Amino acid sequence: MSQPSSKVSRTSIFVAAGRAVGAREPDPVARNPDYLAEKLLGDPKTLDVDHPAVRALSLGYDQAMTDVEVVSNVRMMTIRTRFIDEGLARAIADGATQVIVLGAGFDTHAYRCQELLAQARIFEVDRPATQELKKQRVHDAVGTPPANLTYVPIDFQHEDLPEVLRRHGYDPAQRTFFILEGVTMYLPEDAARATFRFVGAHPPGSGIVFDFVYRAMIDRLAKIDMANIPEAQKPFVQRFLDLIKDEPWVFGLPEEGERDFLREFGLELREAFPVGGEESSKRFLTKSDGTQVGAQAIAAAMARMAARARESAQAQPGGQQMSPELMRRQQRVMGYQLAEAVVSG
């Protein structure tokens, strides 16, 4: 490894591991399509990330999927990957000639979607240390990268994204599709707004897929008191906090206000939903036999959560329990979201 591991995005490894394990799902109907993720990661023993999803790379699929933390990551990444793949295919069919992957990490679209992207230019934008590791792993696992791919190293804090892209051959007059996967929550608000403003300045029909959380989630993360976390959840919460310690979550969209937020930048929301909700699970995780990926582990975890919720459900004045409708709304507001938007004409 040519760069100190501390300079490489740990979350990029964590999410790629989730995609890699999900690509082992036997049923192609619910399999994560990222068959290259595991090859790019290489030997899991060399990865400086202590997380169940990374350790699961050394286990058989069935054994790995008994761990609810692994299952949660696999399900999230399968939904995210398949949603982005759908958006990318639609954008190319609609005439996009440039694809810009911001915070590319171990993104594999340029390598596993070569036929789809044959007539487009792809730009992978990332911090130099993470990108150098990525290039090394691409060389070792894939060989020569596609001729239509351009790597764009950038210091996000001190360099201007449009200017850096232009220096690498990007054309702002072309219809462009942006992939902003696992990025928005790490950006300061002014940087997030600048990014969406940049996307919205492209020709009509350009678009973006991105994930995000609401401000309520950011506020809750800032106030977490481990003393108040149930014992069964503490290891999961602590691992997550350790994972984002050097890459903290700082930005969230207005609660249930993504449509109005995007309109500020000339973007029209096409679709948005919580990852892991009923809609996304049915759409992306349902296997040929009607069951869902990781169903047994999730059911056991949900039963434990339901039992804890019943014990502390006296949430309303007068001893009233929280209504199912209010519970669903809170789960949505505190959840992790996916969205697609297009530049309005």
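Just give me the residues in region 53-77 being within 23 Å of Lys134 (Cβ to Cβ) and out of contact with any Leu (no Cβ under 6 Å at 6 or more places or on another chain), in sequence order.
Start the filter on region 53-77 by keeping residues that are within 23 Å of Lys134 (Cβ to Cβ), which leaves 53-58, 73-74, 76-77.
Ala53, Arg55, Ala56, Leu57, Ser58, Asn73, Val74, Met76, Met77 - these are the residues of region 53-77 that are within 23 Å of Lys134 (Cβ to Cβ) and out of contact with any Leu (no Cβ under 6 Å at 6 or more places or on another chain).
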Which number in (1) closer than 19 Å to Phe210 by Cα; (2) modelled with pLDDT of 65 or more; (3) surrounded by 14 or more Cβ atoms within 10 Å (Cβ to Cβ); (4) in contact with a strand residue (DSSP E or B) (Cβ under 9 Å, 6 or more places away or on another chain) marks the one condition that Arg332 misses? (2)
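For Phe284, state whether it is under 21 Å from the mean Cα position of the chain (by Cα), at pLDDT 85 or above and among the aromatic types (Phe, Trp, Tyr).
On the way: under 21 Å from the mean Cα position of the chain (by Cα): yes; at pLDDT 85 or above: yes; among the aromatic types (Phe, Trp, Tyr): yes.
Criteria met by Phe284.
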Per-region count, region 267-302, residues buried (at least 16 other Cβ atoms within 10 Å of the Cβ) and farther than 30 Å from Thr195 by Cα: 10
Tell me the residue from Asp85, Asp126, Asp94 that is touching a Cys at 6+ places or on another chain (Cβ under 8 Å), of a type outside the set (Val, Ile, Thr) and within 30 Å of Ala173 (Cα to Cα), please. Asp85
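Test Ser6 against the criterion of being modelled with pLDDT under 95 and over 19 Å from the mean Cα position of the chain (by Cα), and give yes or no. Give the derivation first.
Numbers: modelled with pLDDT under 95: yes; over 19 Å from the mean Cα position of the chain (by Cα): yes.
Yes: the conditions hold for Ser6.
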Only one of these conditions is not met by Thr150: (1) more than 16 Å from Pro33 (Cβ to Cβ); (2) of a type in the set (Val, Ile, Thr); (3) touching a helix residue (DSSP H, G or I) at 6+ places or on another chain (Cβ under 7 Å). Which number is it? (3)
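Would you check if Thr176 is closer than 23 Å to Arg193 by Cβ, surrounded by 13 or more Cβ atoms within 10 Å (Cβ to Cβ) and not aliphatic (A, V, I, L, M)? I'd like the intermediate steps shown before the answer.
Values: closer than 23 Å to Arg193 by Cβ: yes; surrounded by 13 or more Cβ atoms within 10 Å (Cβ to Cβ): yes; not aliphatic (A, V, I, L, M): yes.
For Thr176, the condition - closer than 23 Å to Arg193 by Cβ, surrounded by 13 or more Cβ atoms within 10 Å (Cβ to Cβ) and not aliphatic (A, V, I, L, M) - is met.
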Might you let me know whether region 109-116 holds any residue that is at pLDDT 95 or above, more than 30 Å from Gly345 (Cβ to Cβ) and aliphatic (A, V, I, L, M)? no
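Looking at region 184-212 only, could you name the residues that are touching a strand residue (DSSP E or B) at 6+ places or on another chain (Cβ under 6 Å), surrounded by 14 or more Cβ atoms within 10 Å (Cβ to Cβ) and either more than 12 Å from Trp249 (Cβ to Cβ) or β-branched (Val, Ile, Thr) (or both)?
Step one: of region 184-212, the residues touching a strand residue (DSSP E or B) at 6+ places or on another chain (Cβ under 6 Å) are 184-185, 199-200, 202, 204, 206-212.
Remaining after also requiring surrounded by 14 or more Cβ atoms within 10 Å (Cβ to Cβ): 184-185, 199-200, 202, 206-212.
Within region 184-212, Thr184, Val199, Gly200, His202, Ser206, Gly207, Ile208, Val209, Phe210 meet the criteria.
Listed residues Leu161, Leu187, Leu149; which is under 23 Å from Ser344 (Cα atoms) and among the hydrophobic types (A, V, I, L, M, F, W, C)?
On the way: Leu187 fails: under 23 Å from Ser344 (Cα atoms); Leu149 fails: under 23 Å from Ser344 (Cα atoms).
None of the others qualify; the one that does is Leu161.
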Checking Ala17 against (1) out of contact with any helix residue (DSSP H, G or I) (no Cβ under 6 Å at 6 or more places or on another chain); (2) assigned to a helix (DSSP H, G or I), which test does it fail? (1)
Exactly one of these conditions fails for Arg167: (1) over 24 Å from the mean Cα position of the chain (by Cα); (2) among the basic types (Lys, Arg); (3) crowded, with 20+ Cβ neighbours inside 10 Å. Give me its number. (3)
Pairs, first among the aromatic types (Phe, Trp, Tyr) in region 263-282, second at pLDDT 95 or above and surrounded by fewer than 18 Cβ atoms within 10 Å (Cβ to Cβ), C-beta under 7 Å, six or more apart: Phe265/Arg197
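Okay, residues lined up against (1) touching a strand residue (DSSP E or B) at 6+ places or on another chain (Cβ under 9 Å); (2) crowded, with 19+ Cβ neighbours inside 10 Å; (3) at pLDDT below 95:
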site: Ser12; (1), (2), (3): yes, yes, yes
site: Leu36; (1), (2), (3): no, yes, no
site: His51; (1), (2), (3): no, yes, yes
site: Arg55; (1), (2), (3): no, no, yes
site: Arg75; (1), (2), (3): yes, yes, no
site: Ile84; (1), (2), (3): yes, yes, no
site: Gln98; (1), (2), (3): yes, yes, no
Those residues of region 57-80 which are over 17 Å from Val15 (Cβ atoms) and in a helix (DSSP H, G or I), in sequence order: Ser58, Tyr61, Asp62, Gln63, Val68
Report, ordered by the first and then the second residue, all pairs with beta carbons closer than 7 Å, sequence separation of six or more or different chains, a first member in region 231-253 that is over 16 Å from Ile218 (Cα atoms) and surrounded by fewer than 16 Cβ atoms within 10 Å (Cβ to Cβ), and a second member that is modelled with pLDDT of 75 or more and among the acidic types (Asp, Glu). Phe236/Glu69
Consider Arg31 against the criteria (1) of a type outside the set (Ser, Thr, Tyr); (2) within 22 Å of Cys113 (Cβ to Cβ); (3) at pLDDT below 95; (4) assigned to a loop (DSSP other than H, G, I, E, B): it satisfies all of them except one. Which criterion is unmet? (3)
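The values are calculated or read from the model by the stated rules, or taken from the named source; none is laboratory data. Note that this is a predicted model, so its numbers are computed, not measured. All Cβ positions, glycine included, derive from the backbone under ideal geometry; neighbour counts span all protein chains shown.
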